[in-house]
Structures are given as C-alpha cells and as structure tokens.
There are 2 protein chains.
Amino acid sequence: MAFFSTPQIADMEQRYRATLINSLGGFKSVVLVGTADSNGSTNLAIFNSLFHIGANPPLCGLIFRPDTVQRHTLSNIESTGVYTINHITEDIYINAHQTGARYAKDQSEFEAVGLTPLYEESIPAPFVTESPLRFALDLREKIPIGINGTILIIGQITQIWLPDNVLQPDGFIDLEQVGTLTCSGLDSYHRTQRLARLSYPKPGSIPQKLLDFSI
Amino acid sequence: MAFFSTPQIADMEQRYRATLINSLGGFKSVVLVGTADSNGSTNLAIFNSLFHIGANPPLCGLIFRPDTVQRHTLSNIESTGVYTINHITEDIYINAHQTGARYAKDQSEFEAVGLTPLYEESIPAPFVTESPLRFALDLREKIPIGINGTILIIGQITQIWLPDNVLQPDGFIDLEQVGTLTCSGLDSYHRTQRLARLSYPKPGSIPQKLLDFSI
C-alpha cells in the first residue's frame, strides 16, 4: 500500500496535496449555489462541500474559503440572507464546472456559462432553470472556523422543487431518477448505479435489501 | 413539479421529513469511523456527514447528533483525541450499515457486524482491515452548533493508507478503482461510473475532458 504521514503530507507540492486531500473523503455532493446582490445582479458557483446538519428544522451546511471566487457568493448570502441550491445533471455538468472560473464581479456566471436564472415568489436569489431539483435556503448561522480561516454557513431550507415521479412514499428521493451526479476530488464527475436500499439496522438481525421501490 | 415550503415541511410526519431532507443534498460520502475508549474497547460507526475543510493543514469535518449511537464514537474521540476513517466498498456495505444498530456500549461493532480491527503504530484507534482506503485523524476542534444541538468535530489527517495503483501522478485518487461507494438518503448505497475529469476552469474557455488518466 502507499502510505503518507504528517511530515510527508506537509512536504507535498501544494497543488498535489490539494488534489490528494480533496479526493480522500470519498464521493461528494456537487451543486450550484445561486445568489444575487442587493441590486439583483446574479452569481452562480459550484460547491462540493454541502452537508446535512438536521431535518427539523431542515438545515444544510456549506464551507467557504474567502480567498476564492466563492467570496461573491458569500457576500451575496450575507447581503440578502437567501440562496438557492441546484442539483447538477449530465446535461449541465460542464457548464456547472465552468462557474468555478474567476469571472469579474460584474459578470454573471449564468450568462458566461449558458445557464438560465429562474425566480420563484418571495425568493430574491435565482434558481437554475436547467436543474431538475432545486431548493432555497435562509441564512441562519455563520461560524468562522479558526483553525484555517474557512467559514461554515448554515441555512434553513424554505422551498423545495422536485420532479413529481422521483419522490417515494416514505419521503426518499430517487436521485438516480433525478439524474443527480456526484463528484470526487476537484474535477471528476460521476453518475451512480444503486446497489440497494437497506432496512433499518437492529442488533441481532442482518440488514435486508428493501424490495424494488421504483415507480 | 412537487413543491414544499416551510409550513409543509414543518407539518410532515417526522420520519418522512428525515428521509426527504436527508435525500435532498445529493450523493454523500459514506465511511466507517473507528475509535477506542481509554481502555482500548473498540467502536465502529457509519457516517454520511464527512466533508472537506482544507488541504493545508489537511482537515475534515464530521457532524454528530449526540442523541444517537454516534455518542459512543464522540466520547471516544474526546477521550483519546484520535479516530480513523475507512472507505466502504461493495464487499462490506451491508456490514457497514449494520454498525448503525443500537449496540450496548460494551459490545464492539467490529465483532457484532463481522469486520476486523487493524492497528498501526502510534494510532490508538482501530482501522478496518477490510477497507482498502483508510486514514487517521487527530481531533483539532469541537464546535457546538447552537441552532439544533449538533456538534461539528474537525480533525487533522495524520496517516493515509491506500492501494498503490489508485494514485494518479497529480495526486488524484481514482476512487472507482478503490471501489469506494457513495450513499443517498439514510439507507441507499451506490457504485459510480465516471463521466470525466474536467480541466481547470478559466474565463473565456470551455472545460475540456482530461485525457484518459487510468494506469
């Protein structure tokens, strides 16, 4: 096996280390975050650090590095208190990746990469028309992470839009039917193939594959 | 499209809401976290909230809900300051899911689910022998999230073990060659199929699919 410990990790060339460490945690959620500033100018940015914090109230977290193009997204969220999250499918993943380029503050990534803003009532931030699963959040908490200067933004989900036929009777969303992709590292995009849903684990029994739940 | 807003989300049956909100963020990392208490008694727990915080120093975050079986993992991390993260493959995902059962504090999940602890020098927490990609972390920060009582644990990666043939020249880990799975919702496991790695995005150009980088 290959082995690296703290001194070897510290000695790595910077870009090599970033690529390795970003690959290490496994497959990740990859989404587009839509925002607008107080004048309505839009911004769209790709993130692979979205994670679940709780269901009641419904909360998600996102990690921001203020020294990157993400800073426009962060300042918009702080200015309006609202942002949208939009899933990425095979049809738009190259456009989505391109939102990571360093566009000037006054250029909208929507126009630059060829995606279409969509507005819903009472949400000042743009959704992505081409995304089949979208939700809006209100900013709830901003937590500075002292150890490396990143910022954790926690939002509460206030609106959810998804295709009718992907929602199972128990609330499970069939993301393969949505067409949602996953990513690894900084630049690798993947579709998925389900092995199984498994029954709730209990001591003394073995998890069973749930019966076919497709519609 | 189906639509839900704050009042509808609040009115959902609790289990339905948990399943829906846990599905909403897209595909997730799913890993086994290995710990030991100060007497060396081992614990193993499945987590789907791992996320990247930074590469230099190399940092990952994990969200804990103290009212679940995760509390044994959290108290062990606080007691020894060390934990391991182990990727989950098709060979062990049913065993991995079963670690989520509510075993008694004095029963090791390793034995209960049929996985094998593995110790490396200077790491008091057990790795999982059956996992092909494993890393160890030192606890660096514990951040209480006031809004819902969860806890963010930040660790620094101190040891990395991975198969020789999965590491690309630029530091990218080919997780499909590792056999790493991803998950969605609370109980759905998926293998992946790469679409492409894309070139670094720059204004005015279109991301290119990187040439075949397999070994």
Quick one: in segment B:27-42, of everything that is of a type outside the set (Gly, Ala, Ser) and away from every other protein chain (no Cβ under 14 Å), which residue is nearest to A:PHE47 (Cα to Cα)? B:THR35
Any chance you could count how many residues in segment A:45-62 are at the interface with another protein chain (Cβ under 7 Å from one of its Cβ atoms), in a strand (DSSP E or B) and closer than 22 Å to A:SER131 by Cα? 5
Going by the structure shown, is B:GLY149 surrounded by 21 or more Cβ atoms within 10 Å (Cβ to Cβ), within 9 Å of another protein chain (Cβ to nearest Cβ) and farther than 29 Å from A:ILE46 by Cβ? no
Pairs please, first residue from segment B:80-106 and buried (at least 24 other Cβ atoms within 10 Å of the Cβ), second anywhere and part of a loop (DSSP other than H, G, I, E, B) and hydroxyl-bearing (Ser, Thr, Tyr), Cβ atoms under 6 Å, 6+ apart in sequence or on different chains. B:ASN86/B:SER131; B:HIS87/B:SER131; B:HIS87/B:THR180
Say whether the condition of being under 18 Å from B:GLY40 (Cβ atoms), surrounded by fewer than 22 Cβ atoms within 10 Å (Cβ to Cβ), among the acidic types (Asp, Glu) and more than 12 Å from every other protein chain (Cβ to nearest Cβ) is met by at least one residue in segment B:113-132. no
Here the residues within segment A:170-215 that are aliphatic (A, V, I, L, M) and under 30 Å from B:ALA104 (Cα atoms) are A:LEU195, A:ALA196, A:LEU198, A:ILE206, A:LEU210, A:LEU211
So B:ILE77, is it in contact (Cβ under 8 Å) with a residue 40 or more places away in the chain and either within 14 Å of chain A (Cβ to nearest Cβ) or farther than 30 Å from A:PRO132 by Cβ (or both): yes
Check every one of the strands (runs of 3 or more DSSP E) wholly within segment B:120-215 and list those with 1 or more residues that are among the acidic types (Asp, Glu) and within 19 Å of the chain's Cα centre (by Cα). B:134-145
Does B:LYS202 count as free of Cβ contacts under 8 Å to residues at least 40 places away in the same chain, of a type in the set (D, E, K, R), within 8 Å of chain A (Cβ to nearest Cβ) and more than 24 Å from A:ARG194 (Cβ to Cβ)? yes
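Residues are listed down the side, and each one gets a yes or a no for (1) within 24 Å of B:MET1 (Cβ to Cβ); (2) modelled with pLDDT under 95; (3) not small (Gly, Ala, Ser):
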site	(1), (2), (3)
A:ALA55	yes, no, no
A:ILE63	no, no, yes
A:VAL69	no, yes, yes
A:SER79	no, no, no
Looking at A:THR80, A:THR89 in this structure, which one is under 18 Å from A:ASP187 (Cβ atoms) and out of contact with any Phe, Trp or Tyr (no Cβ under 7 Å at 6 or more places or on another chain)? A:THR89
For segment B:163-180, how many residues meet the condition of being surrounded by 18 or more Cβ atoms within 10 Å (Cβ to Cβ) and facing another protein chain (nearest Cβ under 7 Å)? 6
Looking at segment B:2-15, which of its residues are over 16 Å from A:PHE172 (Cα atoms) and either within 7 Å of chain A (Cβ to nearest Cβ) or among the basic types (Lys, Arg) (or both)? B:SER5, B:THR6
May I ask you to list pairs of residues, at least six apart or on different chains, whose Cβ atoms are under 7 Å apart, with the first in segment B:1-28 being touching a residue at least 60 places away in the same chain (Cβ under 8 Å) and the second being assigned to a helix (DSSP H, G or I)? B:SER23/A:LEU175; B:GLY26/A:LEU175; B:PHE27/A:LEU175
I'd like to check something: does segment A:84-104 contain any residue that is more than 8 Å from every other protein chain (Cβ to nearest Cβ), in a helix (DSSP H, G or I) and at pLDDT 95 or above? yes
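The values are calculated or read from the model by the stated rules, or taken from the named source; none is laboratory data. The shown structure was predicted, so the numbers you read here are calculated from the model rather than taken from an experiment. Positions of Cβ are generated from backbone atoms using ideal geometry, with glycine treated the same way; all protein chains shown enter the neighbour counts.
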